[in-house]
Amino acid sequence: MKITAIHTQVVNARLRNWIFVQVETDVPGLFGLGEATLEFQTRAVVGAIEDLSLLILGQDPRNIEHLWQIMFRHPFFKGGIVTMSALSGIDQALHDLKAKDLGIPLWQLLGGLTRDRLRMYDHLGGGSSDAVYDDALPASFAEKAAQSRAEGFTAVKILAVGRTAPLDGLAALTHAEDLMAAAREGAGDDMDIMVDLHGRTTAAMAIQYAAALAPYRPWFIEEPCQPESWEGTAQVARSTAIPIAAGERLVHRREFLPLLQSGAIAIAQPDVCHAGGLTEVRRIAALCDTFGVSMAPHNPLGPIATMVNIHMGFATPNFLIQEVMKSDVPWRDEIVSGVTPIVDGHVVPSQAPGIGVEIDFDAAARHPYVDVQPPQWFHPDGSVADW
């Protein structure tokens, strides 16, 4: 069996463009699907996929580890979010292809089931970009948290901290506390609430936000500092009893090691679309398990990435919970079918071969690539703020 072609299909999803990857073979009807979505750098990732494909055309797609090593090591300049996202999408597609060839679901290829059902968590408004990023009002937070609870979810993530200065004042802390209090009111005491700081804060400011939010018992605080500041994240972890999660912008197990060795995180959040695909994220999971750290993979992305994460979660012993944005765009289910339904905040194992999804390419073509710019935030004095 040989790889004959690698194609991409880009689908607009408002805040981002999904990048779907298809690896074709010389076996009629046998191909693999993956996802390499990277916000605001779509064309760069598509180009990187084209570059990496030249390295593995004509190779046996079933030799996944060997092909991963070729794509990671032979370009000489390793890593980087664009290259690793491209590699990730191809790696997922290779896993899908191999599981299809064997006639088994992907979780079976990854070692079999470690659990009977998988816990999922919601975002406010089901992941609609307006609800998640642009509607920071207490009444809205309470209403949407209650909606997630009514839909059966037992956990929801919120962004209670907006634009914040390196050392902000009482008004910012009070606003974050008001949003957290509203979310807790809507969610009730039985629902877990995670708070994403989005890397917007310094360690000094994150410590103050954690103190303000602590009375409302957040389940964990996510990315309190920029990803390169593992020392800052460790400082925050030492200052609060709230567990810390991080890792969505890290792309290799070596980048997780300082967080683990310093005790900075209780939850690791590698993204299967950025961190080297299933091949590398499984190594990250094993490394985290060595340090007693749980896995909650980052996934505000498309439906293929969601299903890949679900399969991986079923086969991962130290898995904790899985992120999903089920309502980011109304055409999600129109384009991709086969995604496991969420019932009472959980999913059960898919029995379909491979990842178990199919793309309607005609429907995808109705939502082509759109230039999407990242939000540009500035402090009151005009200096650049982290989004």
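The values are calculated or read from the model by the stated rules, or taken from the named source; none is laboratory data. Quantities reported herein were computed from a predicted structural model and do not represent experimental measurements. Because the Cβ atoms are built from the backbone with ideal geometry, glycine has one as well, and the counts that use them run over all protein chains shown.
The table for this structure:
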quantity: Candidates 206, 183, 172, 165 - the one that is aliphatic (A, V, I, L, M), in contact with a Leu (Cβ under 7 Å, 6 or more places away or on another chain) and under 27 Å from residue 249 (Cα atoms); calculated: 206
quantity: Residue that is outside the structural domain of residue 91 (by TED's automatic domain parsing) and touching a strand residue (DSSP E or B) at 6+ places or on another chain (Cβ under 8 Å), where the choices are 287, 301; calculated: 301
quantity: Qualifying residue in region 41-53 (condition: among the small types (Gly, Ala, Ser), in contact with a Phe, Trp or Tyr (Cβ under 9 Å, 6 or more places away or on another chain) and at pLDDT 95 or above); calculated: no
quantity: Residue in region 175-190 that is at negative phi and either outside the structural domain of residue 153 (by TED's automatic domain parsing) or among the β-branched types (Val, Ile, Thr) (or both) present; calculated: no
quantity: In region 257-288, the residues that are assigned to a helix (DSSP H, G or I), of a type in the set (S, T, N, Q) and over 17 Å from the mean Cα position of the chain (by Cα); calculated: 261
quantity: Residues satisfying the stated conditions in region 210-224, i.e. hydrophobic (A, V, I, L, M, F, W, C), surrounded by fewer than 22 Cβ atoms within 10 Å (Cβ to Cβ) and not in a helix (DSSP H, G or I); calculated: 219
quantity: Single condition residue 75 does not satisfy, out of (1) in contact with a Leu (Cβ under 9 Å, 6 or more places away or on another chain); (2) under 17 Å from residue 310 (Cβ atoms); calculated: (2)
quantity: Residues within region 82-139 that are part of a helix (DSSP H, G or I), within 27 Å of residue 346 (Cα to Cα), of a type in the set (D, E, K, R) and at pLDDT 95 or above, tallied; calculated: 4
quantity: Options 122, 135, 130, 96; residue that is touching a Phe, Trp or Tyr at 6+ places or on another chain (Cβ under 6 Å) and under 28 Å from residue 14 (Cα atoms); calculated: 122
quantity: Identity of the residue in region 316-330, surrounded by 14 or more Cβ atoms within 10 Å (Cβ to Cβ) and at pLDDT 95 or above, that ends up nearest to residue 291 (Cα to Cα); calculated: 318
quantity: Members of region 169-198 found to be in a loop (DSSP other than H, G, I, E, B) and surrounded by 21 or more Cβ atoms within 10 Å (Cβ to Cβ), listed by number; calculated: 191, 197
quantity: Residues that are touching a strand residue (DSSP E or B) at 6+ places or on another chain (Cβ under 8 Å) and not in a helix (DSSP H, G or I), drawn from region 199-209; calculated: 200
quantity: Verdict on residue 284 being touching a Leu at 6+ places or on another chain (Cβ under 9 Å) and of a type in the set (Val, Ile, Thr); calculated: yes
quantity: Which numbered condition residue 387 fails, given (1) at pLDDT below 95; (2) surrounded by 14 or more Cβ atoms within 10 Å (Cβ to Cβ); (3) aromatic (Phe, Trp, Tyr); calculated: (2)
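Here's the yes/no breakdown for (1) farther than 25 Å from residue 240 by Cβ; (2) β-branched (Val, Ile, Thr); (3) crowded, with 24+ Cβ neighbours inside 10 Å:
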{"site": "258", "(1), (2), (3)": "no, no, no"}
{"site": "262", "(1), (2), (3)": "no, no, no"}
{"site": "267", "(1), (2), (3)": "no, yes, no"}
{"site": "271", "(1), (2), (3)": "no, no, yes"}
{"site": "286", "(1), (2), (3)": "yes, no, no"}
{"site": "290", "(1), (2), (3)": "no, yes, no"}
{"site": "298", "(1), (2), (3)": "no, no, yes"}
{"site": "302", "(1), (2), (3)": "yes, no, yes"}
{"site": "308", "(1), (2), (3)": "yes, yes, yes"}
